[in-house]
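Have a look at the structure below, then the notes.
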Amino acid sequence: MVRIIVKTLAFATTALAVLTVDNGQFSIQDSVGITSASKEFTSEAPSPLSSTTLKDGDVLKLSFSVKNDGEQIQPHQAMVSWSSSSDETKDLLSTVKVRKGGKGRWELDISRSPIHLLSLPTPLSLTLLIGHPTVPKPLSIPLGSFTFAQSLTQSLSPETQTPPPSTSWESERYAVMPEIRWTNRPKEKQPRAFLALAGVGAVLAPWVVFAGILLHLSLPLSFGAPSSLGFLASFLSFEVLLWRYWLSSTMKLIPTLPYFFGIAFVVAYTGRSALGVLKRKRERQEGKKRE
């Protein structure tokens, strides 16, 4: 029983809720900024402009406040409707921005108005439409009747005389979107033959130099000595790192540089030790020959 009473009271409150518009003002300014026509209105006392001819440079300005039972609210929908008096099937909707405080403003420069508006059959009736979900009856306030100067419409082609469907925010939001087409990443380009050969040369160059040094040594290098094994192991590690960097797509130059410098230092140290062993061995052989 309590629930029924609560629902009944809620329904009655909703039914009694009424939207009102206060402090409404609609004006027309010419290209110089002088107000040529102005009207103040409310939802209870509309004051539409009489038949007016709009010229190039005219600016329409609209301001108002929306209230619900005396409290300012932001309505769910607020727009102005251009409708043809001679053909009711042709109209155009423009959204009006209303802030949370209930104050709405709308402005239209006729020189920048859409072609579809200029192509509507005149005379045109301009109406302010306001609606809210909690209020069953929306507001419809006439603002005036208008025609366009011949200088605005004489340049229109026959194709523009038929306006498209209404361009309200609902039609723009739920309109058919362009088809989404997936594009695959293009295949990776193979490096040029010159660059590939240069990379192979950079990898094999140290081995060519090393082989040339071995051929010109007067004494064979003992690969069983610890210094020689360390030199060969570090030298081979440097070559493997260089080969991996050349072929890998994940190794970057800057993070890999510390490894190159570290192994290069070990190669230089072990190579110098191996050459020192070889030098001492040659000096001993030369001493035996002198004896």
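The values are calculated or read from the model by the stated rules, or taken from the named source; none is laboratory data. Not measured: the values here are computed from a predicted model. Cβ atoms come from the backbone with ideal geometry, glycine included; neighbour counts cover every protein chain shown. Note: accessible area is taken over every heavy atom of the protein model, side chains too, but ligands, DNA and RNA are not part of it. Shrake-Rupley method; radii C 1.70, N 1.55, O 1.52, S 1.80 Å.
Expressed as a fraction of 2.2 N^0.38 Å, the C-alpha radius of gyration for the stretch 42-139 is 1.16. A 1.4 Å probe over all protein chains sorts HIS76, HIS216, HIS132, HIS116 by accessible area into HIS216, HIS76, HIS116, HIS132, starting with the largest.
Take the Cα of PHE210, go 7 Å toward its beta carbon, and the backbone nitrogen atoms of the stretch 262-281 under 19 Å from that spot belong to 262-279.
Considering only the other residues whose Cβ falls under 14 Å of the Cβ of SER83, what net charge follows from Lys and Arg at +1 and Asp and Glu at -1? Before the final figure, lay out the partial values.
Numbers: positive: LYS90; negative: ASP87, GLU88, ASP91.
Local charge sum for SER83: -2.
For ARG112, what charge total do you get from the other residues with a beta carbon under 13 Å from its beta carbon, if Lys and Arg give +1 and Asp and Glu give -1? With Lys, Arg at +1 and Asp, Glu at -1, the neighbours total -4.
Would you mind checking LYS67/LYS100; LYS61/LYS90; LYS61/LYS137 for any pair whose Cα atoms are more than 19 angstrom apart? The partial results should precede the final answer.
On the way: LYS67/LYS100 11 Å; LYS61/LYS90 23 Å; LYS61/LYS137 26 Å.
The answer is LYS61/LYS90; LYS61/LYS137.
Using the Cβ-Cβ distance between LYS39 and ILE115 with R0 set to 22 Å, the FRET efficiency from 1/(1 + (r/R0)^6) comes to roughly 0.20.
Extension gain, GLU88 to ALA149: 0.36 nm times the residue separation minus the Cα-Cα distance gives 19.8 nm.
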